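Contents: one structure, followed by commentary.
The values are calculated or read from the model by the stated rules, or taken from the named source; none is laboratory data. Quick caveat, the model's predicted, so the values are computed rather than measured. No Cβ is skipped: glycine too gets one built from the backbone with ideal geometry, and neighbour counts run over all protein chains shown. Protein only, heavy atoms only, side chains kept; ligands, DNA and RNA dropped before computing areas. Shrake-Rupley method; radii C 1.70, N 1.55, O 1.52, S 1.80 Å.
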Amino acid sequence: VKLASIFFTMILVDNYVLVKFLGICPFMGVSKKVETALGMGMAVTFVMGVASAVNWPINELLNKLNLGFMQTVTFILVIASLVQFVEMFLQKSMPALYESLGVFLPLIVVNCIIFARAEAFASKNGPLASMTDGLGMGLGFTVSLTLISAVRELIGSGTLLGFPVLGANYPGVLLFVLAPGGYITLGLVMVAFNTVMGRIDKRRRAKNAENDAEGSVA
């Protein structure tokens, strides 16, 4: 139950992109098409999940050796190694996706989401909980990126995953293909997401208050 709570909390309640507005560097570059967004999302999820699980035992070892000041450096090395592995894998097996991601793929190394969560959670919790947290966070990032890219691709080009959805004669809206459209889409998705989550939280609080009131009467 605890692991499931951690997992879904990172996807929905504490989504680092739509709630905390962090890690949006790759959004403008890889959110034009759903296919590219999914590729980046899966790469980030892999790096976050493995890095979170590995960083905990490394942190424990550094503390025992009185080398806690090396924590940030080791985090960077672990993350950089994983990103290098992902780069080599994509370059060999999915060259088209590798070319599409371009410079944004190695930039995963300096993604502030990974460092923020590694310091706040992975360095203080066990490997299983840390990996669950990292995977949830990565999937939350993937969901956010996919939603935004779907809106941009649909409105900007009239397609989804390259398939024409709005018809061959759809002229497309150039604004949503360009960077300003990315910011507009991000803002609209954030407003919609937080509005829905706010209503859900409000209903949950009202339900809890109702149950507490019934319990006190009983």
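Using a Gaussian network model of the chain in which every pair of alpha carbons under 10 angstrom is joined by a spring, one finds that among Asp201, Asp14, Asp133 the greatest mean-square fluctuation is at Asp201.
Taking amide H as placed 1.01 Å from N in the peptide plane, the amide H of Leu160 sits under 5 Å from that of Val165, each at least 5 places away or on another chain. Among Ile184, Ile114, Ile79, the largest mean-square fluctuation in a Gaussian network model of the chain, built with springs joining Cα atoms closer than 10 Å, belongs to Ile184. For the pair Ala168 and Leu61, the difference between a 0.36 nm per residue extended length and the Cα-Cα distance amounts to 32.6 nm. Taking all protein chains into account, the per residue accessible area for the stretch 120-172 stands at 44 Å² (1.4 Å probe). Surface composition of the stretch 7-118: carbon and sulfur atoms hold 71% of the protein heavy-atom accessible area at a 1.4 Å probe. Taking each DSSP H run with n ≥ 4 as -39500 (n - 2.57) and averaging over every residue of the chain yields -23500 deg cm²/dmol at 222 nm. Across the stretch 104-218, the relative contact order, built from alpha-carbon pairs under 8 Å that are at least six residues apart, equals 15 percent.
Within the stretch 5-39, which residues have the backbone N less than 15 Å from the label spot 7 Å out from Asp201 along Cα→beta-carbon, could you tell me? Residues passing the 15 Å test: 9-21.
Model label points for Met70 and Ser5, set 7 angstrom from Cα along the Cα-to-Cβ axis, are 3.6 nm apart. Between Ala120, Ala43, Ala80, the GNM of the chain built on Cα springs shorter than 10 angstrom shows Ala120 fluctuating the most.
Sparse packing (at most 13 other Cβ atoms within 10 Å of the Cβ) combined with a DSSP loop state is found for the following trypsin sites (Lys or Arg not before Pro) in the stretch 1-75: Lys20. Gain on full extension, evaluated as 0.36 nm per residue between Val19 and Ala209 minus their Cα-Cα distance, stands at 65.9 nm.
Applying the Karplus relation 6.51 cos²θ - 1.76 cosθ + 1.60 with θ = phi - 60° to the stretch 96-101 yields 3J(HN,Hα) values of 5, 5, 4, 5, 5, 6 Hz, where x marks Gly and Pro.
Treating only the Cα positions of the stretch 38-96 as identical point scatterers, give the base-10 log of I(q)/I(0) from the Debye formula at each q in 0.14, 0.21, 0.25 Å⁻¹. Ignoring solvent entirely, the Cα scatterers give -0.45, -0.79, -0.96. The orientation-averaged shadow of the Cα convex hull for the chain, equal to a quarter of the hull surface, comes to 15.6 nm².
For the stretch 27-169, the relative contact order works out to 47 percent when only alpha carbon pairs closer than 8 Å and six or more residues apart are counted.
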